[in-house]
Amino acid sequence: MATYGYHDDKKSHLNRLSRIEGQVRGLQRMVESDSYCIDILTQTSAVNKALRSFALSMLDEHLKHCVGHAVANGGEEADEKVREASEAIARLMRS
């Protein structure tokens with residue numbers, strides 16, 4: 001089984017995702033209770049920020065661990081990991 005860069009902080013990442021899940025559930029409750037539109041949009045912005053922050057954290061772990069090891073080994077694997085990272089960064093920039 002492969003060990004990825006986030007492995008050492010897995011519990012922290014899962015806790016962070018649980019908080020984000022709670023924020024999304026809060027959005028659902030706000031809609032169910034007919035909360036004011038701007039309040040829902042404000043909470044939506046907070047959820048988006050939390051997800052972006054999580055994604056950047058995962059990208060950082062990937063660059064340090066997966067890309068770092070591949071570059072140290074060189075060859076096609078290094079090229080592939082750098083390409084994957086570039087594509088992931090491009091996706092994050094578009095979102």
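Odds and ends about this structure:
- Among the residues of segment 79-90, just one is more than 18 Å from GLY5 (Cβ to Cβ) and charged (D, E, K, R), namely ASP79.
- Scan of segment 49-81 for residues that are open to solvent by 70 Å² or more (accessible area, probe 1.4 Å) and either more than 24 Å from LEU17 (Cα to Cα) or of a type in the set (D, E, K, R) (or both), ordered by number: LYS49, ARG52, LYS64, HIS69, VAL71, ALA72, ASN73, GLU76, GLU77, ASP79, GLU80
- In segment 24-43, the residues that are open to solvent by 50 Å² or more (accessible area, probe 1.4 Å) and either part of a helix (DSSP H, G or I) or of a type in the set (Lys, Arg) (or both): VAL24, ARG25, GLN28, ARG29, VAL31, GLU32, CYS37, ILE38, ASP39, LEU41, THR42, GLN43
The values are calculated or read from the model by the stated rules, or taken from the named source; none is laboratory data. Keep in mind that this is a model prediction, so the values were computed, not measured. Positions of Cβ are backbone-derived with ideal geometry, glycine not excepted, and every protein chain shown enters the neighbour counts. Heads up: the accessible areas ignore ligands, DNA and RNA and are worked out on the full protein's heavy atoms, side chains in. Shrake-Rupley method; radii C 1.70, N 1.55, O 1.52, S 1.80 Å.
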